[in-house]
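These notes are about the structure you will find just below.
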Amino acid sequence: MIELALHLVVLIKVVPDGKEVFVDPVTFTLNRSMATNIINPADENALEAALQIKDQTDAKVTVMTMAPPFAEPFLMECMSRGADEAVLISDRAVAGSDTYPTSLTVAAAIKKMGDVDIVFAGEKTSDSSTGHVGPGVAEFIGAELASYSRKVTYENGYVTAERELENGIEEVRIPTPAVVTILTDSNDPRRATLRKKIDAMKRGIITWSLADINIPADWVGLRSSPTVVKKMLPFPRKDRKGEKIEKEKIPELIDNLVKSGVIRVEAE
Amino acid sequence: MAEMKKAEPPKDVSQYKGIMVYLDSFEGKLTRAAHEMIGVGRKMADKVKEPCIGVVIGDKVDSMADDAGKYGCDEVYGFESHDLSMYRSRPFTDILSSMVFEKKPNILIVPGTKNGRDLAARTAVRVQSGLTADCMEIDVEPETDILIARRPDYGDSTMSEIRCEKHRPQMATSRPGTFDLPPYDEKRSFKKEIRKVELKKDQLREEILSFKPKGGEDITVSKVLVSGGLGMGNADGLKLIEQLASIMGGSYGVTRPVADLGWAPRDHQVGQTGKIVRPDLYIAAGISGKPQHIVGMMDSKTVIAVNKDPDAEITRYSDYVINGDLYEILPVFIEELKKRKKMKDKN
Ligand SMILES: Cc1cc2nc3c(=O)[nH]c(=O)nc-3n(C[C@H](O)[C@H](O)[C@H](O)COP(=O)(O)OP(=O)(O)OC[C@H]3O[C@@H](n4cnc5c(N)ncnc54)[C@H](O)[C@@H]3O)c2cc1C
Ligand SMILES: Nc1ncnc2c1ncn2[C@@H]1O[C@H](COP(=O)(O)O)[C@@H](O)[C@H]1O
């Protein structure tokens with residue numbers, strides 16, 4: 001059988017770098033003024049998973065994000081690692097979208113491409129951390145879904161994925177078109193190469209507006225998002241008494257914990 | 001498959017009544033997370049005086065349906081087929097969505113296990129409604145029937161209250177371990193309906209090739225947990241942590257940077273991006289107590305902090321604080337516990 005070239009799409013999101021987000025110890029609020037942006041960690045793994053399939057088979061890899069133009073350098077970075085094409089969906093109207101209109105918009109862009117075999121997404125983003133967009137896209141495009149995957153292979157129209165669940169590893173096989181969501185740390189993302197970077201600069205980024213993907217502006221954005229953030233509350237402070245125990249008093253503490261049944265010292 | 005269109009709110013939200021709880025299961029038993037969600041659903045149902053409706057899907061569901069009723073559901077609907085012995089994204093979404101269309105619940109809560117999150121995310125799109133993930137608090141406002149879903153923000157120093165005012169059902173998930181288990185009542189009466197389902201071929205495109213149960217311990221069920229943070233200074237520090245844990249018959253936990261550094265497997269990470277634990281005893285050694293860690297352990301019954309810094313944030317969340325180097329303090333614990341074991345052995 002002749003394998004026609006596969007089309008793989010990787011969804012990425014640019015997020016603030018968690019390592020640089022810190023909590024103000026006095027006000028107990030989040031300070032992200034120092035934070036720089038990065039590609040969402042799980043999305044780097046999603047890109048790598050797609051590139052590994054491209055290493056094996058004749059495939060085209062498209063990276064895609066719905067974001068303001070500041071995301072461009074991150075798309076370029078993905079191409080410098082091996083993606084063939086980058087699409088930026090950029091439109092003022094999408095501002096404030098929750099996961100429903102985000103999934104809808106991304107799905108519309110995938111439909112416009114027409115020939116997509118596998119969509120790769122991260123298991124979740126580190127900033128909003130919902131993990132809803134991958135399954136949402138699967139639902140809109142009517143694809144099969146393998147979420148929380150750590151290893152993905154492709155053969156003859158089928159994707160085999162190892163889903164890592166709480167209590168075990170499940171191996172599933174689904175036909176294309178398929179959506180897979182990839183676990184953080186599931187592989188080692190490759191580095192950019194200078195040659196690919198130069199190629200990427202020549203190729204540039206494709207930018208689509210909502211009109212380009214036939215999504216009316218009033219389908220997206222804050223007003224068309226079912227969920228709304230109503231207020232911010234301080235993190236619940238379940239203060240405890242924090243009784244100071246001197247090193248010499250540890251035996252006494254242990255006795256008390258044994259007496260109250262918190263620690264059991266069973267004979268071996 | 002969902003229609004490619006915007007999420008359309010229903011014209012009359014007052015038609016939507018009741019709290020639906022999806023009950024996820026493993027090997028013919030409801031998961032702990034499912035039980036937790038029954039408790040949450042029950043409380044809301046009492047508050048608004050509407051039924052708590054359980055939905056269970058599986059190979060054989062009768063005893064699970066009974067379990068759900070005895071833990072607090074008023075009505076339980078079971079869907080049975082040999083093809084549904086394990087979670088499969090498409091048919092489970094088809095069934096849960098059809099129940100939403102049939103029963104029109106005002107609220108739908110789903111355990112935030114991985115499969116539960118997969119299902120909730122797809123169902124929200126299919127039924128055109130809003131979903132809030134990883135809630136730490138789920139409640140309902142009786143005057144308005146509005147779901148109050150609160151979740152930690154990025155970095156977790158604040159919580160956001162998220163509402164879905166116009167769309168129905170209002171949906172939420174919570175991480176396993178977030179809530180206490182509801183009481184079990186052998187005599188509770190409830191309505192039970194089991195439906196046999198015939199699935200079509202195109203609903204069963206996903207083939208499950210194998211399932212390998214994960215070895216190793218599950219830190220979410222340990223009664224005693226000793227956790228080490230960056231204060232260990234190196235990977236070897238974990239040996240001390242493990243030694244203390246094992247002498248008490250418990251397991252060990254770590255903070256995220258410790259897992260990031262590869263000093264311990266990710267399965268042992270406690271916190272926002274790790275596991276939520278609620279043991280009888282939690283010993284935090286060399287852990288500063290950042291909110292992202294605290295959110296994973298703050299419901300532990302007794303917390304002991306061992307830290308060089310007497311003002312570390314962890315002290316606010318601890319019942320007992322021992323100021324000092326963990327390499328000096330933990331051996332004292334180990335010695336003392338050994339002594340007591342020996343005494344027990346002699347008796
Ligand atoms: C989106 C996001 C998600 C996150 N998720 C998680 C998560 O799930 N879990 C998690 O844990 N973190 C998480 N974090 C990271 C979190 O913010 C903190 O960085 C982390 O919890 C700190 O780890 P630590 O306490 O081990 O290290 P540190 O903050 O460096 O604290 C080390 C502590 O050890 C003490 N110490 C040093 N030497 C000794 C010694 N010899 N003896 C005794 N005490 C000593 C110090 O006084 C200090 O208090 C997340 C962060 C982000 C941005
Ligand atoms: N704005 C976006 N553009 C493209 N992909 C996205 C966007 N938001 C989320 N994704 C993808 O969906 C995954 C899960 O995101 P989330 O549901 O926000 O946790 C991410 O890891 C990305 O792969």
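The values are calculated or read from the model by the stated rules, or taken from the named source; none is laboratory data. Just so it is clear, the structure is predicted and the values come from calculations on it, not from any experiment. Positions of Cβ are generated from backbone atoms using ideal geometry, with glycine treated the same way; all protein chains shown enter the neighbour counts.
To keep it simple, each residue is scored yes or no on (1) modelled with pLDDT of 95 or more; (2) more than 9 Å from chain B (Cβ to nearest Cβ); (3) surrounded by fewer than 18 Cβ atoms within 10 Å (Cβ to Cβ).
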position	(1), (2), (3)
A:Gly142	yes, no, yes
A:Tyr148	yes, no, no
A:Val152	yes, yes, no
A:Val172	yes, no, no
A:Pro175	yes, no, yes
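Does region A:121-132 contain any residue that is away from ligand 2 (no atom under 11 Å from the Cβ), over 26 Å from B:Lys214 (Cβ atoms) and of a type outside the set (D, E, K, R)? Within region A:121-132 (the criterion being away from ligand 2 (no atom under 11 Å from the Cβ), over 26 Å from B:Lys214 (Cβ atoms) and of a type outside the set (D, E, K, R)), the answer is no, since none of the residues qualifies.
Which one is surrounded by the fewest Cβ atoms within 10 Å (Cβ to Cβ), of the residues in region B:123-133 that are at the interface with chain A (Cβ under 7 Å from one of its Cβ atoms) and in contact (Cβ under 8 Å) with a residue 60 or more places away in the chain? Looking at residues that are at the interface with chain A (Cβ under 7 Å from one of its Cβ atoms) and in contact (Cβ under 8 Å) with a residue 60 or more places away in the chain, I get B:Arg126.
Each residue in region B:207-242 was checked for being more than 14 Å from chain A (Cβ to nearest Cβ) and at negative phi, and 14 pass. Of the residues making up region B:245-294, those that are polar (S, T, N, Q), near ligand 1 (Cβ under 6 Å from one of its atoms) and farther than 16 Å from B:Thr220 by Cβ are B:Thr255, B:Ser288, B:Gln292. Go through the residues of region B:156-163 one by one and say whether even a single one is at pLDDT below 95, farther than 22 Å from B:Ala2 by Cβ and more than 10 Å from chain A (Cβ to nearest Cβ). No, region B:156-163 contains no residue that is at pLDDT below 95, farther than 22 Å from B:Ala2 by Cβ and more than 10 Å from chain A (Cβ to nearest Cβ). The residues in region A:14-58 that are within 14 Å of ligand 1 (Cβ to nearest atom) and modelled with pLDDT of 80 or more can be counted, and the count is 9.
Do we have B:Arg266 as in contact with a Gly (Cβ under 8 Å, 6 or more places away or on another chain), within 14 Å of chain A (Cβ to nearest Cβ), under 16 Å from B:Thr178 (Cα atoms) and among the charged types (D, E, K, R) here?
no
Only one of the numbered conditions (1) under 21 Å from B:Ile334 (Cβ atoms); (2) more than 7 Å from ligand 1 (Cβ to nearest atom); (3) of a type in the set (S, T, N, Q) is not met by B:Thr315, and that is (1). Taken over region A:114-134, the criterion of being assigned to a loop (DSSP other than H, G, I, E, B) and within 16 Å of ligand 1 (Cβ to nearest atom) is satisfied by A:Glu123, A:Lys124, A:Thr125, A:Ser126, A:Asp127, A:Ser128, A:Ser129, A:Thr130, A:Gly131. Look at region B:273-287: where a residue is among the aromatic types (Phe, Trp, Tyr) and a partner is within 11 Å of ligand 1 (Cβ to nearest atom), sitting 6+ places away or on another chain with Cβ atoms under 6 Å, you get B:Tyr282/B:Met297. Of the residues B:Thr273, B:Thr315, the single one that is facing chain A (nearest Cβ under 7 Å) and either in contact with a strand residue (DSSP E or B) (Cβ under 7 Å, 6 or more places away or on another chain) or closer than 23 Å to B:Gly112 by Cβ (or both) is B:Thr315. For region B:242-272, which positions are in a loop (DSSP other than H, G, I, E, B) and buried (at least 17 other Cβ atoms within 10 Å of the Cβ)? If the condition is that a residue be in a loop (DSSP other than H, G, I, E, B) and buried (at least 17 other Cβ atoms within 10 Å of the Cβ), then B:Met248, B:Gly250, B:Thr255, B:Trp263, B:Ala264, B:Gly271, B:Gln272 are the ones that fit. Residues of region B:333-343 include none that is touching a residue at least 24 places away in the same chain (Cβ under 8 Å) and in a strand (DSSP E or B). Filtering region B:102-121 to residues that are free of Cβ contacts under 8 Å to residues at least 60 places away in the same chain, surrounded by 24 or more Cβ atoms within 10 Å (Cβ to Cβ) and not small (Gly, Ala, Ser) leaves B:Arg117, B:Asp118.
Can you confirm whether A:Thr153 is within 12 Å of ligand 2 (Cβ to nearest atom) and touching a strand residue (DSSP E or B) at 6+ places or on another chain (Cβ under 7 Å)? Answer is no for this residue. Candidates are the residues of region A:62-98 that are closer than 22 Å to A:Gly142 by Cβ and without any contact (Cβ under 8 Å) to a residue 60 or more places away in the chain; the one that is nearest to ligand 2 (Cβ to nearest atom) is A:Met66. B:Lys5 meets each of the listed conditions (1) of a type in the set (Lys, Arg); (2) surrounded by fewer than 18 Cβ atoms within 10 Å (Cβ to Cβ); (3) in the same structural domain as B:Arg175 (by TED's automatic domain parsing) apart from (3).
Working only within region A:241-251, note down all residues that are farther than 18 Å from B:Ile247 by Cα and either more than 7 Å from chain B (Cβ to nearest Cβ) or of a type outside the set (Val, Ile, Thr) (or both). Walk me through how you get there before you give the answer.
The initial filter retains those residues of region A:241-251 that are farther than 18 Å from B:Ile247 by Cα, namely A:241-249.
Selection gives A:Lys241, A:Gly242, A:Glu243, A:Lys244, A:Glu246, A:Lys247, A:Glu248, A:Lys249.
Within region A:194-207, does at least one residue satisfy the condition of being surrounded by 19 or more Cβ atoms within 10 Å (Cβ to Cβ) and within 14 Å of chain B (Cβ to nearest Cβ)? The answer is no, given that none of the residues of region A:194-207 is surrounded by 19 or more Cβ atoms within 10 Å (Cβ to Cβ) and within 14 Å of chain B (Cβ to nearest Cβ).
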